[in-house]
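This report refers to the structure that appears directly beneath it.
The values are calculated or read from the model by the stated rules, or taken from the named source; none is laboratory data. Being a predicted model, the structure only gives us computed values, none of them experimental. Counting neighbours? That spans all protein chains shown, and the Cβs are built from the backbone with ideal geometry, glycine included. Accessible surface is based on the protein model in full, side chains and every heavy atom, while ligands, DNA and RNA are left aside. Shrake-Rupley method; radii C 1.70, N 1.55, O 1.52, S 1.80 Å.
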Amino acid sequence: MIVSTIWTTGCGLFFSFFQNLFLEEMLGAKYRYTYLWFYLGTWLYGHINVWFGIAGTAWGNMLYLCVCAFALNTMLFQGSVIKRGFFTLWMYGMQEVAGVIFYLLFMASASLIGRKNCMDILLNAVNLMTGLVLFFMMEVLKRKLHLLKRDFEDRDGIYLMCIVAFICIAVSMLSMTFDTVNNWDAGYVYAIVVPSGLIAVGGEILNVSCIIMLEQRLVERLAKQQYQILEQHLEVSKEQYEQFIKIRHDVKNHSLCLGQLLEKENIEEAKRYLKQWNSVIEDGETLIRTGSIFADALLNPKYQQAKKLGIDISIQMSVPGEERIDPVDLCCLLANALDNAIEACQRGIQAGHPAGWIRMKSQIYPNYWVFEISNSTYVSVKQHEGRFPSSKQAPISGVGLQNIRTVVERYEGVLDLENGTSFTLNVMFPLP
């Protein structure tokens, strides 16, 4: 009895520790010493069920554990309701399906060799193997599926929860069917256990495959957005280059015309002509120079856009080279940050306030790059579940900050947001 208690407690501490690490990685902890509260909460609602017999059936027990775990995870971890619900159901669903696999295998073996009286040992072995499978799956998610740390769409979470719930219910029925039949000979036991076990294994594979598919969908969506941004910037750069070629081609003709006006001493006409010529040149001139042609092609049109809206905008940028930050990631970061700032100023204009201001600057240091953008916020914007909602109506709107976070994490950088009388976004990237 003492050995069994020590074994159960040790396994509980071990697996609770890794479950807590997994949830902190995927959702983010709200408090310090989360593991302590997580273990105490898990221990408490588990023993309450034992003391008072709240859930007496297998399905009732799983439902009770999921509800209690969701309530505990809501108190301790961040993330949207759908995301917390998904990871709660996924953790218990993986355990349930894995438990069926080993339960059928161990119980069938015990039945065939006549050792069905060793139920405590068998159940401890099932719990151990189930925990190891869950531990392996959690490590796969933590190390490989980085985008699941971001808030995926609610419809994706609901879709996955329905699949996980269906798999758990279907596989649980197998174990319940197995328990209702007695006195089977070896042939019947193998005929039932082997197909049922394969179905349960298929359930685990489907579980993981659904999450990998979600990761791929997020990657494809973000990649599509980034390449759309890059394509737009390259198109603008092409237009600027073509305009420069036209101006260069006309320089000779403009010089001849200006010379004729000066020879005839038509000074006023010459001044007006020169002023018009300078205006044409300024329209095609690059005002922002960062050291990256991609960043210049991005920032200059947006700078002109902000000026036309009456926004007081200042950009003082120096950016790392292509060997340090991929141009697509750099453009994604700068475009989303500046678009969000311009959008905030536009909200102020629509509300009847002055156009506002934007300050954008960056600096390269020996081992890191610091980027900062701040803008006026006449209309306050509140976070909703870790996001700042967008006013754009496009189907892919509202993910600008998510894209920025994705780029920052890819380079193991730091992102800091300050939302008060003005909004400030700070990013720091370590440089190789």
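Would you mind checking the pairs K275/K307; K275/K361; K142/K361; K308/K361; K224/K302 and listing those with alpha carbons more than 30 angstrom apart? It would help to have the intermediate numbers written out before the result.
Working: K275/K307 21 Å; K275/K361 32 Å; K142/K361 34 Å; K308/K361 21 Å; K224/K302 21 Å.
Pairs exceeding the cut-off: K275/K361; K142/K361.
If K302, K361 are ordered by their accessible area, calculated over protein heavy atoms with a 1.4 Å probe, which sequence runs from highest to lowest?
Working: K302 30, K361 110 Å².
In descending accessible area the options line up as K361, K302.
Applying the Karplus parametrisation 6.51 cos²θ - 1.76 cosθ + 1.60 with θ = phi - 60° to the phi angles of region 18-28, what ³J(HN,Hα) value in whole Hz is obtained for each residue in order, glycine and proline being reported as x?
6, 5, 5, 4, 4, 5, 5, 5, 7, 10, x
Order the following by accessible area, largest value first: F371, F136, F15. Probe radius 1.4 Å; ligands, DNA and RNA are ignored.
Ranking F371, F136, F15 by accessible area, largest first, yields F136, F15, F371.
Suppose the Debye formula is applied to equal point scatterers at every Cα of region 55-109; what is log10 I(q)/I(0) at q = 0.19, 0.26 Å⁻¹?
The Cα Debye sum returns log10 ratios of -0.70, -1.00.
Among W90, W51, W43, what's the order by accessible area (1.4 angstrom probe), most exposed first? Walk me through the numbers on the way to the answer.
Numbers: W90 5, W51 145, W43 105 Å².
From most exposed to least exposed: W51, W43, W90.
Give the accessible area for M213 in Å² (nearest 10); use a 1.4 Å probe, count only protein heavy atoms, and leave out ligands, DNA and RNA.
Counting only protein heavy atoms, the figure is 110 Å².
So what's the net charge close to F102: Lys and Arg +1, Asp and Glu -1, counting the other residues with Cβ under 12 Å from its Cβ?
Numbers: positive: none; negative: E96, E204.
That sum, taken over residues with Cβ under 12 Å, equals -2.
Using 7 Å Cα-to-Cβ label points, what is the Y31/L417 separation (nm, one decimal)?
Reported label-point gap for Y31 and L417 is 2.5 nm.
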